Every structure is written in C-alpha cells, then in structure tokens.
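Colleague: Can you read through this structure? Questions will come right after.
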Amino acid sequence: MEVGQMQRRLVDYTKSLFMEGFLDAQFLQLQQLQDESNPDFVVEVVSLFFDDSEKLLNDLTMALDQPSVDFKKVDAHVHQLKGSSSSIGAQRVKNACIAFRSFCEEQNIDATLRCLQQVKQEYYLVKNKLETMLRLEQQIVAAGGSIPMIELGF
Amino acid sequence: MVMAASETKFHVLAVDDTLIDRKLIEKLLKTSSYQVTAVDSGTKALEFLGLNNNDHQDVEVNLIITDYCMPGMTGYDLLRKIKESSSFKDIPVVIMSSDNIPSRINRCLEGGAEEFFLKPVQLSDVNKLRPHLMKRTQTNVNKRKAMDEIVSPDRTRARYNELEVN
C-alpha cells in the first residue's frame with residue numbers, strides 16, 4: 001500500500017474514533033502538542049494511560065471483591081481513572097467513570113459492579129482503537145510519509 | 001500572541017501527583033516557552049523553593065501551578081503556605097482541578113490564587129498566565145482583580161469551539 005493510501009486510511013480511521021465518541025477534542029490537543037522536539041509525545045502519554053488504567057482496573061476489581069466494600073477507596077480509584085481518561089481524551093471511558101462515581105456515592109454494590117464491567121469494556125475498546133491508530137501511524141512513518149493532522153470540521 | 005521584548009524565560013513550578021497530568025502540563029508550559037520544573041507533591045514543591053530550609057528562595061520561580069486534589073498537602077494547603085511566607089507570598093499561584101465545584105473555586109481565589117483552571121488544562125488556559133508574570137515585572141503594579149478572568153463556575157466548556165486551528 002502506498003503512502004497516500006495509508007494516510008487516507010489513517011485519517012478515515014481517526015475521524016471515525018471521534019465520530020463514535022471514543023475520543024474527544026482533548027486527544028486533538030495532544031496531537032497538536034507533538035512536535036519535532038518531542039515526536040513521540042502522543043505515544044508516551046497513551047502508554048502512561050494504558051499502564052495507569054490497567055493498575056487502576058486491577059485495584060478496582062480487588063476493592064469491589066472485598067466482603068465489606070470501602071466505597072471511598074473505590075471512588076478514589078474511579079476519580080483517578082476519570083482524570084487520566086479525561087486528560088488523554090478517552091471520552092467514553094471518562095463518561096463511564098462519571099456514572100460509576102454516582103453509584104459509589106449511593107454505595108450500590110450491584111450497580112458499581114456493573115459499572116466496573118462497563119468501564120473495563122470501554123477501556124479495552126479504546127485501547128484497541130488507539131493501538132490500531134498508532135500502528136497505522138508507524139507504518140506511514142516507516143514508509144517515509146508524514147502523519148496528517150486531523151481537523152474537526154463538523 | 002504578542003511576545004515580550006525580554007528574552008528571559010519565565011520559570012514555572014508545576015505540582016501534580018498524577019504522572020500523566022504532570023507530563024501534560026510540562027508540555028503545555030514548554031510549548032509556551034516557559035522553563036518548567038515538575039514535582040509530584042506540595043512537600044517537594046516547598047523543598048524545591050527552599051522554604052523548608054531557611055525561608056530563602058534558592059531558585060528563581062516566577063509562577064506556581066498546582067493540582068488541587070493531592071494526597072497529604074492539597075493544592076489549597078500549598079497555596080496558603082506560599083501566601084503566608086514572607087519570601088514567597090508574591091509568587092503568583094494557579095490552581096487546577098478536574099472537579100468543577102464553585103465553593104472550591106471561590107475558596108482558592110479568596111485564598112490568593114490568581115486563576116483556577118479546570119482540567120484538562122488547555123493551551124488557551126496557559127496563555128492566560130503571561131499577564132500574571134508580566135505585571136510583576138512592571139514598576140507600577142496595579143494589581144488587577146482577576147475576577148473577570150476567572151472561570152465562571154456555570155460555564156460549560158464547549159470544547160470543539162475552543163479548538164485552536166494550526
């Protein structure tokens with residue numbers, strides 16, 4: 001596949017992530033911050049997000065598995081996950097966290113367990129999408145092309 | 001963006017316990033041509049300033065930007081420590097928070113914070129820092145009340161509209 005085709009495929013793929021709400025404008029901000037002095041900025045931030053999230057999801061699973069659940073602790077973890085997903089523009093994860101927090105407040109064990117499943121699902125979805133997108137970018141760069149900037153026109 | 005005639009880079013001390021946010025704020029500040037030192041706690045911030053040793057400013061810091069929610073010393077606690085210190089009270093302090101809580105915002109502003117930014121912090125927010133740094137270098141300091149410039153608690157952030165086009 002030649003570079004132009006790869007670039008078009010990347011643009012279409014990235015746009016679909018915004019259209020489907022996986023990513024919001026904050027992700028664009030990250031891309032705009034990337035420059036020659038820090039060409040791997042987006043990859044670095046996304047990697048931090050993956051590491052951070054996986055740890056938090058493990059902590060949440062354990063916290064909700066306790067005979068007596070400490071909802072304050074659960075809420076603190078969700079607050080952190082909400083923060084990091086918001087910082088990278090992972091909109092659906094962020095929204096799932098917002099819902100999660102309201103059920104923590106209610107101390108509703110069934111609802112919070114469902115929320116955890118929801119957050120996990122959204123996280124793995126966006127992780128998959130971001131990895132695909134970054135892989136496409138890598139292929140373009142390896143073929144000597146440049147990564148096109150996305151402009152949200154809608 | 002109008003650049004100041006002076007070539008000196010302002011030095012900003014950024015405080016945030018989250019690695020991702022620290023990386024982000026550092027990049028935002030560097031992109032805006034600030035020199036940045038990022039630490040992960042209020043305690044480390046005070047140590048860096050030299051406040052713990054002898055209340056003498058070891059390094060030149062022109063602005064402090066800090067997260068509100070941090071374990072141990074909150075951003076508000078740090079703000080108060082700075083404002084209560086004779087050597088450091090004139091350093092402008094800006095607070096960031098992911099939670100939009102009007103009472104929190106007011107408390108910080110009344111506590112001496114120049115600005116309160118909602119996270120995720122944008123380049124447009126960082127652009128608001130320069131006046132706070134510039135006015136301190138003026139001889140006639142007419143300290144403007146930042147009331148007009150503060151984030152209104154009721155404002156919903158219409159993100160797509162605020163996007164800066166390259």
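Colleague: What is the residue count in the range B:47-92 for residues that are modelled with pLDDT under 95, surrounded by 16 or more Cβ atoms within 10 Å (Cβ to Cβ) and outside any loop (DSSP other than H, G, I, E, B)?
Modeller: 2
Colleague: Does residue A:70 meet the test of being closer than 25 Å to residue A:13 by Cβ, at pLDDT 95 or above, loosely packed, with under 14 Cβ neighbours inside 10 Å and charged (D, E, K, R)?
Modeller: On the way: closer than 25 Å to residue A:13 by Cβ: no; at pLDDT 95 or above: yes; loosely packed, with under 14 Cβ neighbours inside 10 Å: yes; charged (D, E, K, R): yes.
Here the answer is no, as residue A:70 does not meet what is asked.
Colleague: Considering each residue of the range A:122-154, count those that are under 14 Å from the mean Cα position of the chain (by Cα) and without any contact (Cβ under 8 Å) to a residue 12 or more places away in the chain, and give that number. I'd like the intermediate steps shown before the answer.
Modeller: Going residue by residue through the range A:122-154, those that are under 14 Å from the mean Cα position of the chain (by Cα) are A:122-134.
Still in the list and also without any contact (Cβ under 8 Å) to a residue 12 or more places away in the chain: A:124, A:128, A:131.
Residues that pass the stated criteria total 3.
Colleague: When residues of the range A:39-60 are filtered for being in contact with a helix residue (DSSP H, G or I) (Cβ under 7 Å, 6 or more places away or on another chain) and either open to solvent by less than 50 Å² (accessible area, probe 1.4 Å) or within 18 Å of residue A:82 (Cα to Cα) (or both), how many remain?
Modeller: Of the residues in that region, 13 qualify.
Colleague: Further question on the same structure: Would you say residue A:87 is surrounded by 16 or more Cβ atoms within 10 Å (Cβ to Cβ) and under 20 Å from residue B:29 (Cβ atoms)?
Modeller: On the way: surrounded by 16 or more Cβ atoms within 10 Å (Cβ to Cβ): yes; under 20 Å from residue B:29 (Cβ atoms): yes.
Answer is yes for this residue.
Colleague: Within the range A:115-129, can you find the residues that are closer than 13 Å to residue A:20 by Cβ and surrounded by 14 or more Cβ atoms within 10 Å (Cβ to Cβ)? Even if it seems obvious, please write down each step before you answer.
Modeller: The initial filter retains those residues of the range A:115-129 that are closer than 13 Å to residue A:20 by Cβ, namely A:122, A:125-126, A:128-129.
Of everything in the range A:115-129, those that are closer than 13 Å to residue A:20 by Cβ and surrounded by 14 or more Cβ atoms within 10 Å (Cβ to Cβ) turn out to be A:122, A:125, A:126, A:129.
Colleague: Within the range B:91-100, can one find any residue that is over 15 Å from the mean Cα position of the chain (by Cα) and within 23 Å of residue A:85 (Cα to Cα)? Talk me through it step by step, then tell me what you get.
Modeller: Within the range B:91-100, the first condition is being over 15 Å from the mean Cα position of the chain (by Cα), and the residues that meet it are B:99-100.
The next check asks that each one be within 23 Å of residue A:85 (Cα to Cα); those that pass are B:99-100.
The answer is yes, given that some residue of the range B:91-100 is over 15 Å from the mean Cα position of the chain (by Cα) and within 23 Å of residue A:85 (Cα to Cα).
Colleague: Another question, then. Select from the range A:90-114 the residues that are more than 24 Å from residue A:67 (Cα to Cα) and either surrounded by fewer than 20 Cβ atoms within 10 Å (Cβ to Cβ) or in contact with a His (Cβ under 9 Å, 6 or more places away or on another chain) (or both) and list them in ascending order. Don't jump to the end; show me each part of the working.
Modeller: Going through the range A:90-114, the residues more than 24 Å from residue A:67 (Cα to Cα) turn out to be A:90-96, A:98.
A:95, A:98 - these are the residues of the range A:90-114 that are more than 24 Å from residue A:67 (Cα to Cα) and either surrounded by fewer than 20 Cβ atoms within 10 Å (Cβ to Cβ) or in contact with a His (Cβ under 9 Å, 6 or more places away or on another chain) (or both).
Colleague: Go through (1) modelled with pLDDT under 75; (2) in a helix (DSSP H, G or I); (3) away from every other protein chain (no Cβ under 14 Å) and name the single condition residue B:160 misses.
Modeller: (3)
Colleague: Of the residues B:105, B:101, only one is over 24 Å from residue B:9 (Cα atoms), of a type in the set (A, V, I, L, M, F, W, C) and open to solvent by 40 Å² or more (accessible area, probe 1.4 Å); which? Steps first, answer last, please.
Modeller: Numbers: B:105 fails: open to solvent by 40 Å² or more (accessible area, probe 1.4 Å).
B:101 is the lone residue from the list that is over 24 Å from residue B:9 (Cα atoms), of a type in the set (A, V, I, L, M, F, W, C) and open to solvent by 40 Å² or more (accessible area, probe 1.4 Å).
Colleague: Oh, and also: Does any residue of the range A:21-43 turn out to be farther than 28 Å from residue B:117 by Cβ, more than 9 Å from chain B (Cβ to nearest Cβ) and not basic (Lys, Arg)? Working first, answer last.
Modeller: Here is the first cut: in the range A:21-43, the residues farther than 28 Å from residue B:117 by Cβ are none.
No - not one qualifying residue is present in the range A:21-43.
The values are calculated or read from the model by the stated rules, or taken from the named source; none is laboratory data. Values in this document were obtained by computation on a predicted structure and should not be read as measured data. Glycine also receives a Cβ, built like all others from the backbone with ideal geometry; neighbour counts cover every protein chain displayed. Note: accessible area is taken over every heavy atom of the protein model, side chains too, but ligands, DNA and RNA are not part of it. Shrake-Rupley method; radii C 1.70, N 1.55, O 1.52, S 1.80 Å.
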